[in-house]
């Protein structure tokens with residue numbers, strides 16, 4: 001704040017900080033409540049807690065249904081991340097070099113899954129897959145991966161396109177003029193410079209797939225239980241404090257991923273000369 005600020009400006013500055021702190025507290029209050037409950041020694045939710053225990057974490061790591069759901073979520077998320085990142089990079093490279101009238105429309109079309117409510121996308125994908133006959137037990141994993149890819153790819157497109165906005169395309173022409181084939185130019189020149197954006201997009205794609213529950217409810221077979229679907233079924237069928245342990249672990253994973261994204265953002269700024 002400027003030392004020459006008027007009393008009204010100082011009051012507004014302090015008030016704005018208090019408003020932001022109140023909004024932040026409102027947003028993280030459910031997280032603050034859930035995390036202590038995961039250490040409750042009783043099987044009911046109450047404050048104050050009668051005692052502390054790690055039994056729900058033990059239940060999470062020893063129950064085959066929870067372990068299988070975590071493995072399923074990781075397998076689907078890894079496959080989605082690989083496919084979405086590859087498609088997102090190709091789309092971003094094409095859009096960065098494309099000069100035509102319909103470019104804005106193409107970008108809007110690629111980002112449509114982020115705009116349309118997930119429930120509408122899930123219903124549309126369900127009827128589309130039913131018409132193709134790929135909701136059987138054999139093809140259900142493929143359908144779930146493709147559906148999650150549609151939802152995750154826009155995040156990669158946004159992240160990589162933002163990185164390419166400050167990219168000097170003359171570097172690609174310089175590499176080609178020195179006799180390097182296109183693949184060598186991409187991996188030796190382009191990829192190292194856009195790598196922070198690619199990793200950020202890949203992390204967003206992973207989180208989007210790992211945390212998705214609506215599409216999984218519509219498209220996954222009864223044998224396919226991702227972690228969010230297992231948590232949803234647990235709330236609907238029988239509320240168990242193991243859900244709070246799973247939620248706490250998801251929160252910790254999310255915090256770790258967000259920290260990684262922030263470090264990547266700062267590294268990207270240093271590479272572009274924005275931050276010292």
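The values are calculated or read from the model by the stated rules, or taken from the named source; none is laboratory data. Predicted model, so just to flag it, every value in this text is computed and none were measured. Neighbour counts are summed over all protein chains in view; Cβ atoms, including those assigned to glycine, are modelled from backbone coordinates with ideal geometry.
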Any hit, segment 147-166, residues being assigned to a loop (DSSP other than H, G, I, E, B) and in contact (Cβ under 8 Å) with a residue 24 or more places away in the chain: yes
Qualifying residue in segment 175-195 (condition: closer than 16 Å to residue 149 by Cβ and surrounded by 14 or more Cβ atoms within 10 Å (Cβ to Cβ)): no
Residue among 93, 52, 98, 37 that is touching a helix residue (DSSP H, G or I) at 6+ places or on another chain (Cβ under 8 Å) and surrounded by fewer than 13 Cβ atoms within 10 Å (Cβ to Cβ): 98
Extreme residue, modelled with the lowest pLDDT, among residues of segment 224-240 that are surrounded by 20 or more Cβ atoms within 10 Å (Cβ to Cβ) and assigned to a loop (DSSP other than H, G, I, E, B): 225
In segment 80-110, the residues that are more than 18 Å from residue 186 (Cα to Cα), in a helix (DSSP H, G or I) and modelled with pLDDT under 90: 103, 104, 105, 106, 107, 108, 109, 110
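Looking at segment 200-213 only, could you name the residues that are in a helix (DSSP H, G or I) and buried (at least 18 other Cβ atoms within 10 Å of the Cβ)?
Applying the first criterion (in a helix (DSSP H, G or I)) to segment 200-213 yields 200-211.
Answer for segment 200-213, where residues must be in a helix (DSSP H, G or I) and buried (at least 18 other Cβ atoms within 10 Å of the Cβ): 200, 201, 202, 203, 204, 205, 206, 207, 208, 209, 210.
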Any chance residue 261 is closer than 24 Å to residue 148 by Cβ, at pLDDT 80 or above and touching a helix residue (DSSP H, G or I) at 6+ places or on another chain (Cβ under 9 Å): no
Qualifying residue in segment 216-223 (condition: buried (at least 22 other Cβ atoms within 10 Å of the Cβ) and at pLDDT 80 or above): yes
Any chance residue 202 is closer than 23 Å to residue 77 by Cα and within 24 Å of the chain's Cα centre (by Cα): yes
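A quick yes/no check of all residues on (1) surrounded by 10 or more Cβ atoms within 10 Å (Cβ to Cβ); (2) within 30 Å of residue 143 (Cα to Cα); (3) in contact with a strand residue (DSSP E or B) (Cβ under 9 Å, 6 or more places away or on another chain); (4) modelled with pLDDT under 80:
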site: 17; (1), (2), (3), (4): yes, no, no, no
site: 29; (1), (2), (3), (4): yes, no, no, no
site: 46; (1), (2), (3), (4): no, no, yes, yes
site: 78; (1), (2), (3), (4): yes, yes, no, no
Verdict on residue 243 being over 17 Å from residue 76 (Cβ atoms), at pLDDT below 85 and either surrounded by 15 or more Cβ atoms within 10 Å (Cβ to Cβ) or touching a strand residue (DSSP E or B) at 6+ places or on another chain (Cβ under 9 Å) (or both): yes
